[in-house]
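These notes concern the structure reproduced below.
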Number of protein chains: 2
Amino acid sequence: MKIALAQFNPTVGDFAGNTTRILALAQRAKERGADLAVFSELCICGYLPQDLLERPAFIERNLKELKQLAAKLALPAIVGFVGKTKTKNGTGSGIANKAALLSGGKVVFEQSKMLLPTYDVFDESRYFQPATEQKTFEFGSEKLGITICEDVWNDKNFWAVRRYDRDPVTELVGQGTTVLINISASPYTIDKRALRVDMLRSIALSHQLPIVYVNQVGGNDSLIFDGASEALTLDGKVAAQAAAFEEDLVLFDTATGQGEIHGQPPEEIAYAYRALVQGTRDYVHKCRFEKTLVGLSGGIDSAVVAAIAVDALGAENVLGVSMPGPFSSQGSKADAQAVAQNLGIELKTIPISAVFDAYRATLKPVFGARKPDVTEENIQARIRGNYLMALSNKFGSMVLSTGNKSELAVGYCTLYGDMAGGLAVISDVPKLMVYELAKFINRQKEIIPRATIEKPPSAELRANQKDEDSLPPYDVLDRILKAYIEDLRSPQEIADKYGFELKLVREIALLVDRSEYKRKQAAPGLKITSRAFGFGRPFPIAQRFIP
Amino acid sequence: MKIALAQFNPTVGDFAGNTTRILALAQRAKERGADLAVFSELCICGYLPQDLLERPAFIERNLKELKQLAAKLALPAIVGFVGKTKTKNGTGSGIANKAALLSGGKVVFEQSKMLLPTYDVFDESRYFQPATEQKTFEFGSEKLGITICEDVWNDKNFWAVRRYDRDPVTELVGQGTTVLINISASPYTIDKRALRVDMLRSIALSHQLPIVYVNQVGGNDSLIFDGASEALTLDGKVAAQAAAFEEDLVLFDTATGQGEIHGQPPEEIAYAYRALVQGTRDYVHKCRFEKTLVGLSGGIDSAVVAAIAVDALGAENVLGVSMPGPFSSQGSKADAQAVAQNLGIELKTIPISAVFDAYRATLKPVFGARKPDVTEENIQARIRGNYLMALSNKFGSMVLSTGNKSELAVGYCTLYGDMAGGLAVISDVPKLMVYELAKFINRQKEIIPRATIEKPPSAELRANQKDEDSLPPYDVLDRILKAYIEDLRSPQEIADKYGFELKLVREIALLVDRSEYKRKQAAPGLKITSRAFGFGRPFPIAQRFIP
């Protein structure tokens, strides 16, 4: 059986757009001789629909689209949708995350997802009832075992610790499955691609089964799906592979074990860069914007964000804004100009000094003889935030904010100032990785000025300010942050592991916890690590736990 | 058996503070002759701990506190804590939301929560494993059936539609329970108090059982717990009742069916007002602030917020800030002064015109000949936001933002402007209810000037602006919003129900959905309705569903 792995970029709730893409890809699959096209999880409504799932009209529309798809599809296909499901005595939500096999104008088989992820950014137990049983379906020459995303992430041979007691794959294998299908909406995180192929290989080998894995591609809000769909033969070889971060269709023949291999960036830094580009492009476009604004300080963060934006949207859709203040160095102003020039984007310069003076003069009667402190630093950052928002309002562009994860973690950023914007492009990128991205961006030619990369990081909000006046060096800070936030290690464990002073680690951990109030009001950011700030990390503000 | 219903105000993660309160209340219960003290759900760590539950050190600390409590308690007690639980073959989180009966220096009985709420603000399936069975425990003269919060919210005689297939209460009754205990952390929402007593009465009557219900009191982040613990006799009479919104201890005698009744505000508007006062006080104090700032525009929203803040924190801890601009009316300036005077709070006046002029002059070269539009309106709002934040930074006060739910729903508010602040006191209060609160506040004497209540609402950001230029009248808008947001009705259903034009309802529904990007960056707000914006309503931004 020739199976087409059809990965496309759905927009949440865009039923007309999503089904148009499904029909077009099915047509292509048919023309290329496929017997079956496989699409991704919840592809009719797009993933992550969140509380749209509470609206009955949303569910009804998705069911109507499923029916119409069945009637119109050029060939049999497996699609993901929100289906009605049996309830126990009328209890439960009555809906499930489902796969449908559409053939001959109708739905011939349905399978609900059994393992509902409810951790990190996933909250499927909030909405869905799980499958109570897993069934194979005989189709053509094969006995298909259809699973949905998390259903394959629980293999007892692969994971030292498993989340779920049941294993849908084993249950399907027991029923004589000849091809294991998995439809996914599995967001990109660093190093997940390698983990995924290892995990799928383990299943293929231990069960001696070919696997067809089809993943969503594209960004929806904070999540970036990499696609990278693939088929593995029963000896664990990747026989078919789709491109990453773009719509694609590749064929896999279950009879011969042959398939098409499309290229992907091999290095993780290139892959992460592509994720950020895709996430930026999709967020801007799916929010109905074309044009964006980036405040260019001359520092590395804003330079990297501008480069990503240009790659995502085109130089003509990115406006750089230099907003020099009383503590901006000549070097920074020159670096901002250089990066704009290198990227071929327009740069506007709007100084903040006159407005800053007006704030200080107006506030003087209230502040009296009190010395300048963080207040005046924040006013400068907020004037810049206001400028960008004013340009956004006047010209209909989206502000891309430029803070990195290390700053956001410890609150080294200004609410409504540098935190202002529609999308925080690198808010899940640790500072050291920002440097890696800068070097990657500069590989072909120098985009980000060498001076920007080499100078010590500074917010330039007071004379001679350096990040290291307030924070440990980033090679120390980033290790503490990863261990504390992503790996949930205690300060003692972190101090022991790296030989850092316990007092320092405790201070940083407390800063992270106490800065939650800022992050609650941060612009949505693109997730690329195993644990990003934002909706996947609900954390109380008014709490007093000492880590 | 004399049971003490011991409701107190825990702070999330404040283990030392929480156990100190538990021990003090237990001592009081002992002195008053109680045989058993009952505390609320997760009282050792405080509710809602969210992702603190992912930290092993948090769990360990809570277990250590439980052990110490057992050793120190003056009398037997039931407390809520996070317990270890059996896993199936090592799968699952291994922790449960538990009640412990402490007696004779040790834990003599543990019961896990069976029904884990995973909807609205609750995400307990994210963290906990459910009880697989429910057991009674013989203690003194009684057979205790111990349930935790949601466990009693699933009575088949009371609910037309039930969420869960199992009913822990019925299972306990089948084992001969003589007293049903429920320990809760059940947040206040409008009209929930009446629902709760009806629901408990239904259980008491249908099972012919006395019920002891102990609820958490106080605010933690967005949630406000009303306490209002109560005991019902088997004939459904409320025999014991604790106060609302304050720590309290009342006794109930299972032998005689007698108990103490402490008063509660009878009217719902008074109860809601108390909720907002408590929520404000606790958020400010638990975030380690004493002093607050309120921008007083002369409008009703800021007047109501200032009145709540004064009640919560004392007049000496509330600073009013009048920030007149080019479109502020004389009436509004006078009204701001009047409300400050009536409340006995200091008022500072900081005009925005000079700074506004500086912004316009600086931006003129960029804006060219473009006409003033929403950009200039937003700049004014953002200057005010910046002033408040500058005062906050300089003097260490928390900004209380003043937007109401109706505005926030349709995006009739400025990001980083009037939306700026540490706590959004009335962001879950619909505009019409803001008027009700104002009238309630004015009952004893006029606090909020009559002119403030009677004038048509206006943002005063351009000449002759009125809310009704952009929005339908609030008595129309608020009905649409409640039906759409809280009751999940479709525009068609809403138009049919109220006789509104379908086109208007659709426009409002779309405005609600399209304003999600603003709300994602809103200050945390106090929840008082069945569905507040914020973490209990995860909603995608870049989505295209047409409601």
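Values as computed for the structure displayed
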read-out: Sole exception among (1) within 13 Å of another protein chain (Cβ to nearest Cβ); (2) more than 31 Å from the chain's Cα centre (by Cα) for B:Glu124, by number; value: (2)
read-out: Residue among A:Leu477, A:Leu488 that alone is more than 25 Å from A:Asp335 (Cα to Cα) and either touching a residue at least 40 places away in the same chain (Cβ under 8 Å) or in contact with a strand residue (DSSP E or B) (Cβ under 6 Å, 6 or more places away or on another chain) (or both); value: A:Leu477
read-out: Hey, A:Leu223 closer than 16 Å to A:Ala272 by Cβ, surrounded by fewer than 24 Cβ atoms within 10 Å (Cβ to Cβ) and not acidic (Asp, Glu) or not; value: no
read-out: Considering residues of the stretch B:99-139 that are among the acidic types (Asp, Glu) and closer than 30 Å to A:Gly536 by Cβ only, the residue surrounded by the fewest Cβ atoms within 10 Å (Cβ to Cβ); value: B:Asp120
read-out: Residue check for A:Ala24: without any contact (Cβ under 8 Å) to a residue 24 or more places away in the chain, among the small types (Gly, Ala, Ser) and closer than 27 Å to A:Glu142 by Cβ; value: yes
read-out: Set A:Leu408, A:Leu423, A:Leu432, A:Leu415: member being hydrophobic (A, V, I, L, M, F, W, C), touching a helix residue (DSSP H, G or I) at 6+ places or on another chain (Cβ under 7 Å) and surrounded by fewer than 24 Cβ atoms within 10 Å (Cβ to Cβ); value: A:Leu432
read-out: The stretch B:140-150 - residue that is touching a strand residue (DSSP E or B) at 6+ places or on another chain (Cβ under 7 Å) and crowded, with 20+ Cβ neighbours inside 10 Å and, of those, farthest from B:Lys86 (Cα to Cα); value: B:Glu142
read-out: The lone exception for B:Gln68 - which of (1) more than 24 Å from the chain's Cα centre (by Cα); (2) of a type in the set (S, T, N, Q); (3) more than 14 Å from every other protein chain (Cβ to nearest Cβ); (4) under 29 Å from A:Arg162 (Cβ atoms) it fails; value: (4)
read-out: Candidates B:Ala381, B:Ala420, filtered to the one that is in a loop (DSSP other than H, G, I, E, B), within 27 Å of B:Ala307 (Cα to Cα), touching a residue at least 12 places away in the same chain (Cβ under 8 Å) and over 19 Å from the mean Cα position of the chain (by Cα); value: B:Ala420
read-out: Test for B:Gly331: is it at pLDDT 95 or above and not aliphatic (A, V, I, L, M); value: no
read-out: Unique residue being away from chain A (no Cβ under 12 Å) and either closer than 28 Å to A:Phe533 by Cα or in contact with a helix residue (DSSP H, G or I) (Cβ under 9 Å, 6 or more places away or on another chain) (or both) when the list is B:Gly140, B:Gly145; value: B:Gly145
read-out: Qualifying positions in the stretch A:436-491 - buried (at least 19 other Cβ atoms within 10 Å of the Cβ) and among the acidic types (Asp, Glu); value: A:Glu460, A:Asp467, A:Asp478
read-out: Yes/no for A:Leu249 being over 30 Å from B:Pro538 (Cβ atoms), surrounded by 16 or more Cβ atoms within 10 Å (Cβ to Cβ), under 23 Å from the mean Cα position of the chain (by Cα) and not charged (D, E, K, R); value: yes
read-out: Residue ID - farthest from B:Val284 (Cα to Cα), chosen from residues in the stretch B:392-410 that are within 13 Å of chain A (Cβ to nearest Cβ) and in contact with a Ser or Thr (Cβ under 6 Å, 6 or more places away or on another chain); value: B:Lys394
read-out: Residue ID - farthest from B:Pro472 (Cα to Cα), chosen from residues in the stretch B:507-517 that are surrounded by fewer than 19 Cβ atoms within 10 Å (Cβ to Cβ) and more than 10 Å from chain A (Cβ to nearest Cβ); value: B:Leu510
read-out: Within the stretch B:342-391, tally of residues that are at the interface with chain A (Cβ under 7 Å from one of its Cβ atoms), buried (at least 22 other Cβ atoms within 10 Å of the Cβ) and of a type in the set (D, E, K, R); value: 1
read-out: Hits in the stretch A:1-49 - residues which are at the interface with chain B (Cβ under 10 Å from one of its Cβ atoms) and of a type in the set (D, E, K, R); value: A:Asp14
read-out: Among residues of the stretch A:423-445, those that are within 14 Å of chain B (Cβ to nearest Cβ) and either outside any loop (DSSP other than H, G, I, E, B) or free of Cβ contacts under 8 Å to residues at least 12 places away in the same chain (or both), counted; value: 2
read-out: Residue ID - nearest to the other protein chains (Cβ to nearest Cβ), chosen from residues in the stretch B:164-177 that are touching a strand residue (DSSP E or B) at 6+ places or on another chain (Cβ under 8 Å) and buried (at least 17 other Cβ atoms within 10 Å of the Cβ); value: B:Tyr164
read-out: Residue satisfying condition, being at pLDDT 95 or above, aromatic (Phe, Trp, Tyr) and either surrounded by 24 or more Cβ atoms within 10 Å (Cβ to Cβ) or under 30 Å from A:Asn386 (Cβ atoms) (or both), within set A:Tyr273, A:Tyr213; value: A:Tyr213
read-out: Residue ID - nearest to the chain's Cα centre (by Cα), chosen from residues in the stretch A:16-35 that are among the charged types (D, E, K, R), part of a helix (DSSP H, G or I) and over 23 Å from A:Glu60 (Cα atoms); value: A:Arg28
read-out: So B:Tyr498, is it away from every other protein chain (no Cβ under 14 Å), modelled with pLDDT of 95 or more and within 26 Å of B:Arg382 (Cα to Cα); value: no
read-out: Of all residues making up the stretch B:388-406, the number that are closer than 19 Å to B:Ala354 by Cβ and either basic (Lys, Arg) or touching a Phe, Trp or Tyr at 6+ places or on another chain (Cβ under 8 Å) (or both); value: 3
read-out: Failed item, numbered, when B:Lys527 is tested on (1) more than 9 Å from chain A (Cβ to nearest Cβ); (2) among the charged types (D, E, K, R); (3) surrounded by fewer than 22 Cβ atoms within 10 Å (Cβ to Cβ); value: (3)
read-out: Of all residues in the stretch B:530-544 being surrounded by fewer than 21 Cβ atoms within 10 Å (Cβ to Cβ) and small (Gly, Ala, Ser), the one that is nearest to the other protein chains (Cβ to nearest Cβ); value: B:Gly536
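Yes/no per residue for (1) away from chain A (no Cβ under 14 Å); (2) closer than 18 Å to B:Leu388 by Cα; (3) in contact with a helix residue (DSSP H, G or I) (Cβ under 7 Å, 6 or more places away or on another chain):
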residue: B:Arg288; (1), (2), (3): no, no, no
residue: B:Ser302; (1), (2), (3): yes, yes, no
residue: B:Ala306; (1), (2), (3): yes, yes, yes
residue: B:Ala309; (1), (2), (3): yes, yes, yes
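The values are calculated or read from the model by the stated rules, or taken from the named source; none is laboratory data. Values in this document were obtained by computation on a predicted structure and should not be read as measured data. Glycine gets a Cβ as well: all are built from the backbone with ideal geometry, and neighbour counts include every protein chain shown.
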